[in-house]
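Working notes, beginning with the structure itself.
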Amino acid sequence: MLVSGIKSRPVYGQLALDLYAKRHLVAAEGEGALAVLDCLRAVSADVLSRVTILYAGGASAGQSHLDRLRTLNADYCHQFPTIQTLLFRLNGVLTTASMGTRLYASGTEGFIGQVIQLGLSHGVDHHSIITEHRGSLARRVQCTHCKGIIENVTTNVATCAHCGVNLLVRDHYSRRLGAFMGVSADAEEPGSLPASEQMFP
Amino acid sequence: MGLVFKTETFRDDFTFSNSSEGIRHFPFPFHEDTYMYAVNIEPHVKGPVGSATEFAIDVDEHYVAEMEERALVLKEDPLRCQALPHMMLAQWDLLELLMTAMSQDYPEHFTLERDGDRWHWINRPLGIDQHFLFGDAASLPYQPMEYITRQCQGDFCLLDQRHNNLWMDAGIATAQADWSLDFDIGMSFMEWHGPVPLAHELGVFDRALKFLLNLQQGRPVRRLNWTMTINPRMDTSPEKYHKWGMDRTTVTPENAGEKVHLRVELQGLWRLPRSNAIVFSIRGYLMSIADIATVPKWARRLHRVLQTLPPELVDYKGLTRFRENAIAWLSHFDDGAPTSPGCGPE
């Protein structure tokens, strides 16, 4: 579990089924599949008949866990080639979701952030989304200068993939953007960068 | 009262300056020779004549130039002004608050006529004469918050109150000290204050939030905050940090008096009547330390505050690169004499 002193960062818990929900909508990425398995392994067939699993296998993990997810016999379980395609589907599902749907997300922080962001855009209160962090500690970062998003940042200093500014990743997280804040690392003395460390492996 | 609005800039050639009245008007923030965070909230009541708190909303000699600067920032970066959809009622509340205060306290410059929902607003310094329907956003050229804050000095945030918390759900920030509205919009009170060092541990934010959740209509409060800025630059946003950051390396013991500016924020908080939201205004004042040194007590005190500032605050406020030079410059004005209590000039 990710524990830090960052006040603006969400607290990620453990996936646990909301037994009052009529429909369980589970979005998982990479190692997040293992959290889904832990959560649903001992659940009755009746509950599983109301579970939808959207999975992006291998995104942050070396291997896909699709075969193991299939053994759960959930109502629907589909693997998407990328996180982007998963989110496109999730958007479609949320558009027609009815009262009583509970949203779950597990995987890297950047993935959870994007699921929460999508939920917010459909009026889902972020407090109501059940999340569990699994896999890489990599951060999703927004460049504050050009507003471009950089995925899977593992170092405290990273170059913006859009505008080329060298960014220092601040310990400040925006739920609305699903990203950490990246601010110029060498504005005061161009070219003089702090040592880059693998801080979010 | 004879306000003469200056023609001046806050970028490029930096022609901004304070008149001698402007110096006396400055809200010097230190009431003693050291500084630490505190919940320094007090009722926003009428201050002395000529001071920054004489009126609820302060209009000063920099009004026209600051509004031109704001328009420039918004043209370059429209995301500096944003409002989540549920904040429209609070936007109207804010417009009413500002128009009412400005027209009451500066009648020679601003006039507001109300006939039911039909309002007529005249802003003489900016040459604006606007008829509109209160509550009908289509009757104004901008949404109400942007419309009125393009005509009022200071950054503004509108805080929604729910779940026993405050949420920064609308605002305009074109003169901010290194925080991003675009990044922080939608955050709760503790979340947007996340990066501030020491104060969380001191319990400052817990107490401040508890206090603000109970803020009453008609009883606004205020506090002062401060930092330092190189050159009289209003827009020290993170968005443009890669453009202004290098200013911090240009300070020498010789030029510190002209280059280094004390930046004071007079922060006001009002409960709004229709939306129950809170207005959080951040009105910034800039003064070079050379101008501060024209007031002997202020020069002595600023010298001592900078010398004893906790390292975490030096770092967070971005003073690391030029603090020593500012202290060296100010040392010529500190004879070691005791200073009187309180923020005033004597």
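Key figures
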item	result
Condition met for residue A:112 (of a type in the set (A, V, I, L, M, F, W, C), more than 13 Å from chain B (Cβ to nearest Cβ) and part of a helix (DSSP H, G or I))	yes
Residue within segment B:67-89 that is in a loop (DSSP other than H, G, I, E, B), under 22 Å from residue B:264 (Cα atoms) and open to solvent by 40 Å² or more (accessible area, probe 1.4 Å) present	no
Those helices (runs of 4 or more DSSP H) lying entirely in segment B:143-241 with at least 3 residues surrounded by fewer than 21 Cβ atoms within 10 Å (Cβ to Cβ)	B:204-213
Scan of segment A:1-28 for residues that are more than 14 Å from chain B (Cβ to nearest Cβ), closer than 23 Å to residue A:171 by Cβ and open to solvent by less than 60 Å² (accessible area, probe 1.4 Å), ordered by number	A:2, A:12, A:13
Long-range neighbours under 9 Å by Cβ, at least six apart or interchain, first residue at the interface with chain A (Cβ under 8 Å from one of its Cβ atoms) within segment B:236-253, second of a type in the set (Ser, Thr, Tyr) and open to solvent by 20 Å² or more (accessible area, probe 1.4 Å)	B:248/B:320
Residues located in segment B:170-192, provided they are among the aliphatic types (A, V, I, L, M) and at the interface with chain A (Cβ under 9 Å from one of its Cβ atoms)	B:185, B:187, B:190
Conditions (1) open to solvent by 40 Å² or more (accessible area, probe 1.4 Å); (2) not in a strand (DSSP E or B); number of the one not met by residue A:78	(2)
Test: residue B:95 is in a helix (DSSP H, G or I), open to solvent by less than 20 Å² (accessible area, probe 1.4 Å) and not hydroxyl-bearing (Ser, Thr, Tyr)	yes
Members of segment B:293-346 that are under 22 Å from residue B:18 (Cα atoms), charged (D, E, K, R) and in a loop (DSSP other than H, G, I, E, B)	B:346
Residue list for segment A:159-182, restricted to those being open to solvent by 20 Å² or more (accessible area, probe 1.4 Å), in a strand (DSSP E or B) and in contact with a Lys or Arg (Cβ under 9 Å, 6 or more places away or on another chain)	A:171
Positions within segment B:291-308 being farther than 20 Å from residue B:52 by Cβ and open to solvent by 10 Å² or more (accessible area, probe 1.4 Å), in sequence order	B:296, B:300, B:303, B:304, B:307, B:308
Residue within segment B:269-289 that is in a helix (DSSP H, G or I) and either of a type outside the set (Lys, Arg) or under 23 Å from residue B:77 (Cβ atoms) (or both) present	yes
Residues of segment A:147-191 satisfying the condition of being under 17 Å from the mean Cα position of the chain (by Cα), aliphatic (A, V, I, L, M) and either more than 9 Å from chain B (Cβ to nearest Cβ) or under 25 Å from residue A:33 (Cβ atoms) (or both)	A:149, A:150, A:153, A:179
Count of segment B:1-44 residues which are within 25 Å of residue B:212 (Cβ to Cβ), among the hydrophobic types (A, V, I, L, M, F, W, C) and at pLDDT below 95	4
Within segment B:1-59, tally of residues that are open to solvent by less than 40 Å² (accessible area, probe 1.4 Å) and not in a loop (DSSP other than H, G, I, E, B)	3
Residue B:64 vs. criteria in a helix (DSSP H, G or I) and at pLDDT 95 or above	yes
Qualifying position, being modelled with pLDDT under 95 and under 29 Å from residue A:48 (Cβ atoms), among A:192, A:196, A:121	A:121
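Listed here are the residues, each with its yes/no results for (1) open to solvent by 30 Å² or more (accessible area, probe 1.4 Å); (2) away from every other protein chain (no Cβ under 14 Å); (3) free of Cβ contacts under 8 Å to residues at least 24 places away in the same chain.
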residue	(1), (2), (3)
A:127	yes, no, yes
A:135	yes, yes, no
A:140	no, no, no
A:145	yes, no, no
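To keep it simple, each residue is scored yes or no on (1) at pLDDT below 95; (2) in a helix (DSSP H, G or I); (3) of a type outside the set (Gly, Ala, Ser); (4) out of contact with any strand residue (DSSP E or B) (no Cβ under 6 Å at 6 or more places or on another chain).
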{"position": "A:10", "(1), (2), (3), (4)": "yes, no, yes, yes"}
{"position": "A:14", "(1), (2), (3), (4)": "no, no, yes, no"}
{"position": "A:27", "(1), (2), (3), (4)": "no, no, no, no"}
{"position": "A:36", "(1), (2), (3), (4)": "no, yes, yes, no"}
{"position": "A:39", "(1), (2), (3), (4)": "no, yes, yes, yes"}
{"position": "A:52", "(1), (2), (3), (4)": "no, no, yes, no"}
{"position": "A:55", "(1), (2), (3), (4)": "no, no, yes, no"}
{"position": "A:60", "(1), (2), (3), (4)": "yes, no, no, yes"}
{"position": "A:64", "(1), (2), (3), (4)": "yes, no, no, yes"}
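The values are calculated or read from the model by the stated rules, or taken from the named source; none is laboratory data. Since the model is a prediction, treat every value here as computed from it, not as a measurement. When we count neighbours, we look across all protein chains shown, and the Cβ atoms used for this are built from the backbone with ideal geometry, even at glycine. Each accessible area value is taken on the protein alone, full model and side chains, heavy atoms only, with ligands, DNA and RNA left out. Shrake-Rupley method; radii C 1.70, N 1.55, O 1.52, S 1.80 Å.
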